[in-house]
């Protein structure tokens, strides 16, 4: 995962510019989405592999930077939340059911999103 020295470097960068007041969870979530769209743009209409891998890496770094900043702002441990979510996802998509079966994966995803499986997956979403 991300090292403590990288997290501290991001904190120092932000503090040196006095940007802490702008780094609210809401603003960071927006920035993650914006940067993710810029990463996706690297692949829009592009042949494989992506023509400008260096640019894609820079955009990925932006996405990761904002994700780390958001985790830090929320006071959450990235390893912990990733492992907890991975465990939920393992239960939602058992390997024995979905291995090499995109259709079953999509059906399980849709059922979870619509609550047609007894509400499993409904808690995965933020309240409105």
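Full extension of the chain between residue 93 and residue 30 gives 19.8 nm of extra length, using 0.36 nm per residue less the Cα-Cα distance. Against the chain, whose longest principal axis is taken from its Cα atoms, helix 4-16 shows a tilt of about 50°.
A helix-only calculation puts the chain at -21000 deg cm²/dmol for mean residue ellipticity at 222 nm, using -39500 (n - 2.57) for each DSSP H run of at least four residues, averaged over all residues.
One quarter of the surface of the convex hull around the alpha-carbon atoms of the range 4-75 equals 5.3 nm², the direction-averaged projected area. The Cα center of the range 12-40 and the Cα center of the range 65-119 differ in position by 24 Å.
Subtracting the Cα-Cα distance of residue 60 and residue 79 from their residue separation scaled by 0.36 nm leaves 5.0 nm. Residues of the range 49-90 with an amide N closer than 11 Å to a point placed 7 Å from the Cα of residue 11 along the Cα-to-Cβ direction: 72-73.
Compute the long axis of helix 53-74 from its Cα atoms, compare it with the longest principal axis of the Cα atoms of the chain, and write down the angle in degrees, 0 to 90, nearest 10. Compared with the principal axis, the helix lies near 90 degrees.
Please say if the chain is rounded, prolate or oblate, where rounded means a/c under 1.5 for a ≥ b ≥ c the square roots of the C-alpha gyration tensor eigenvalues, and otherwise the choice is prolate for a/b larger than b/c and oblate otherwise?
oblate
Rounded to the nearest 10 degrees, the angle from helix 102-114 to the longest Cα principal axis of the chain is 80 degrees.
Throughout, read-outs are computed from the coordinates displayed, never taken from laboratory work. Small disclaimer: the values here were computed from a predicted structure and weren't measured. Reconstructed Cβ throughout: ideal geometry from the backbone, glycine too, with neighbour counts over all protein chains shown.
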